[in-house]
Amino acid sequence: MRTLTDEQREILELVRLLARERIKPRAAEIDASHEFPWDIVELYREQGIFGLLYDEPDGGTGTGALLALMTIEEISKVCATSGLIVAVQDLGSLGLKLVGSEEQKARFLPKLSSGEWLAAYALTEAGSGSDSAAIRTTARRDGDDYVIDGDKRFISNAGVASVYTLFAKTDPMAGHAGITAFVIEAGTPGFEVARLEPKLGIAGSTTGELVFDGARVPVANRLGEEGEGFKIAMRILDRSRPGVAAQALGIAQGATDCALEYARTRETMGQPIAQHQLIAGKLADMETRCAAARGLLYHFGNLVDGGADGPELTKASAMAKLYCSDVAMEVTIEAVQVLGGYGYITEYPVERMMRDAKVTQIYEGTNEIQRLVVAREMLRETRITPWAAL
Ligand SMILES: Cc1cc2nc3c(=O)[nH]c(=O)nc-3n(C[C@H](O)[C@H](O)[C@H](O)COP(=O)(O)OP(=O)(O)OC[C@H]3O[C@@H](n4cnc5c(N)ncnc54)[C@H](O)[C@@H]3O)c2cc1C
């Protein structure tokens, strides 16, 4: 496993400082107000945080995937909404990074890496989440444009993003082979955000419905060729899901740290609750699960930084997302229990962390779907097992 360079360590220290001094004090307010935290975006812009997601020619730092994941983890320890802002910027930019033409990259990536523009990824529709090949939004070619009609649902950064990676059917009869990817800019006539969803957690992140009614996108904004959209969507998710894993792990570790601090000082029956073996056992399990999850997440980061692609990445990505998010849910429920009544009230952050954790098992592919992906990749691999050798 690679270790961080001195420069990467310094950046991570800066991220830790920002998380502790600037983001943590805002977390409860962001949750209570349900407002998108533009002040956190401004902080990221000032401190070059978005640049950690991009290569140097695109205006970024070129410091790699592992450091970007660690950044999301560190921020999510104190505020899952603020961690998600970094993860969604990556999700919405990956199409351009992976398959954008030189002209498209030059047009969009510098503004995304500075944070001047925020990005979004629009695949899900009311009738198709897990079954993403069943999308019904259409893109009809008309001269030098495509005309987009349809709706997207549950889109993170809806209304705050300047650019959206959009998936639509150029051949509605062709299943996943009929899907094409585009970049569409906010403000395009015929494209609007119809509503924002109130929700259980990550309250400061916008989740919205996009409506396209004859919106025109120039051919110059098509990503890849017609019919390549589904493959592009899946390639993007292979790379972006670990961002959700990093968010989940951050939430889990943040809750563990909070439970530990509380258990050290809260006394019952004449001793700190951390000295009661049932509580000590919980703390030990929470810490162990976080450490195991971190192993899977950092393994993925090292694979990407080592140039891996294809099925190896697909499986590692699904395993990291699946495990880190299940750990986040289990650990945050235990953290609430360790704090007893205080765990349940908003004076302490663990109830927020428990609410924030849930969505990490759902978005960017539910954990049921991740299990199917891991099993599919296992079945594809040709392994020589002791059984086969018999
Ligand atoms: C807060 C939030 C933010 C989101 N952000 C985005 C975004 O930015 N961009 C975007 O495109 N989407 C986004 N989504 C959508 C998200 O990715 C989908 O909600 C998710 O993929 C599940 O799809 P669904 O809601 O249609 O559930 P369904 O697909 O209807 O699934 C319902 C249940 O059935 C299970 N299930 C479905 N099919 C199978 C199967 N074959 N085998 C076993 N179980 C199955 C699922 O695991 C789930 O438990 C977001 C969602 C939320 C809640």
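The values are calculated or read from the model by the stated rules, or taken from the named source; none is laboratory data. Source: prediction; values computed, not measured. Counting neighbours? That spans all protein chains shown, and the Cβs are built from the backbone with ideal geometry, glycine included. Keep in mind that these areas ignore ligands, DNA and RNA; they rest on the heavy atoms of the full protein, side chains included. Shrake-Rupley method; radii C 1.70, N 1.55, O 1.52, S 1.80 Å.
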Quiz item: If we keep just the residues of region 285-326 that are more than 28 Å from M354 (Cα to Cα) and touching a residue at least 60 places away in the same chain (Cβ under 8 Å), which is surrounded by the most Cβ atoms within 10 Å (Cβ to Cβ)?
Solution: V304
Self-check item: Positions within region 320-364 being away from the ligand (no atom under 16 Å from the Cβ), outside any loop (DSSP other than H, G, I, E, B) and over 19 Å from T288 (Cβ atoms), in sequence order
Solution: G341, Y342, G343, Y344, E351
Quiz item: Within the group E42, E7, which residue is without any contact (Cβ under 8 Å) to a residue 40 or more places away in the chain and of a type in the set (D, E)?
Solution: E42
Exercise. Specify the residue that is nearest to the ligand (Cβ to nearest atom); the eligible residues are those in region 197-236 that are closer than 19 Å to Q361 by Cα and surrounded by fewer than 18 Cβ atoms within 10 Å (Cβ to Cβ).
Key: K199
Quiz prompt | Test for L249: is it under 19 Å from the mean Cα position of the chain (by Cα), open to solvent by less than 20 Å² (accessible area, probe 1.4 Å) and not polar (S, T, N, Q) | solution = yes
Self-check item: Filter result for V373 (within 14 Å of the ligand (Cβ to nearest atom), β-branched (V, I, T) and part of a helix (DSSP H, G or I))
Solution: yes
Quiz item: Out of curiosity, is L66 in contact with an Asp or Glu (Cβ under 8 Å, 6 or more places away or on another chain), part of a helix (DSSP H, G or I) and of a type in the set (A, V, I, L, M)?
Solution: yes
Quiz prompt | Every residue from region 157-199 that is hydroxyl-bearing (S, T, Y) and either assigned to a strand (DSSP E or B) or over 26 Å from E42 (Cα atoms) (or both) | solution = Y164, T165, T170, T180
Exercise. Taking only region 104-119 into account, find how many residues are surrounded by fewer than 20 Cβ atoms within 10 Å (Cβ to Cβ) and either more than 13 Å from V183 (Cα to Cα) or within 16 Å of the ligand (Cβ to nearest atom) (or both).
Key: 5
Quiz item: Of all residues in region 149-179 being β-branched (V, I, T) and either surrounded by 24 or more Cβ atoms within 10 Å (Cβ to Cβ) or more than 16 Å from the ligand (Cβ to nearest atom) (or both), which is nearest to R107 (Cα to Cα)?
Solution: T165
Practice problem: For T81, state whether it is more than 16 Å from the ligand (Cβ to nearest atom) and either open to solvent by less than 10 Å² (accessible area, probe 1.4 Å) or not in a helix (DSSP H, G or I) (or both). | Solution: no
Quiz prompt | Residue selected from region 134-148 under the condition surrounded by 17 or more Cβ atoms within 10 Å (Cβ to Cβ) and not hydroxyl-bearing (S, T, Y), by the criterion nearest to the ligand (Cβ to nearest atom) | solution = I135
Practice problem: Scan region 257-284 for residues that are in contact with a His (Cβ under 8 Å, 6 or more places away or on another chain) and open to solvent by less than 50 Å² (accessible area, probe 1.4 Å) and report the count. | Solution: 1
Practice problem: Collect the residues in region 237-246 that are open to solvent by less than 40 Å² (accessible area, probe 1.4 Å) and away from the ligand (no atom under 12 Å from the Cβ), keeping them in residue-number order. | Solution: D238, P242, A245, A246
Quiz item: Out of the residues in region 182-196 that are within 15 Å of the ligand (Cβ to nearest atom) and closer than 18 Å to S93 by Cα, which is surrounded by the most Cβ atoms within 10 Å (Cβ to Cβ)?
Solution: I184
Exercise. Determine the pairs where a residue that is open to solvent by less than 100 Å² (accessible area, probe 1.4 Å), located within region 367-382, has a partner that is modelled with pLDDT of 95 or more and of a type in the set (G, A, S) with Cβ atoms under 7 Å apart, the partner being 6 or more residues away or on another chain.
Key: N367/S325; I369/S130; Q370/A318; V373/A318; V374/A318
Quiz item: Any residue at all in region 120-133 that is surrounded by fewer than 20 Cβ atoms within 10 Å (Cβ to Cβ), more than 22 Å from E10 (Cα to Cα), more than 15 Å from the ligand (Cβ to nearest atom) and without any contact (Cβ under 8 Å) to a residue 60 or more places away in the chain?
Solution: no
Self-check item: Residues satisfying the stated conditions in region 21-35, i.e. surrounded by fewer than 20 Cβ atoms within 10 Å (Cβ to Cβ) and closer than 30 Å to P198 by Cβ
Solution: R22, K24, P25, R26, A28, E29, A32, S33, H34, E35
Practice problem: Working carefully through the options L12, L52, L43, L17, find the one that is part of a helix (DSSP H, G or I), open to solvent by 70 Å² or more (accessible area, probe 1.4 Å) and more than 22 Å from M234 (Cβ to Cβ). | Solution: L17
Quiz item: Can you spot a residue in region 345-356 that is touching a Lys or Arg at 6+ places or on another chain (Cβ under 9 Å), open to solvent by less than 30 Å² (accessible area, probe 1.4 Å) and modelled with pLDDT of 95 or more?
Solution: no
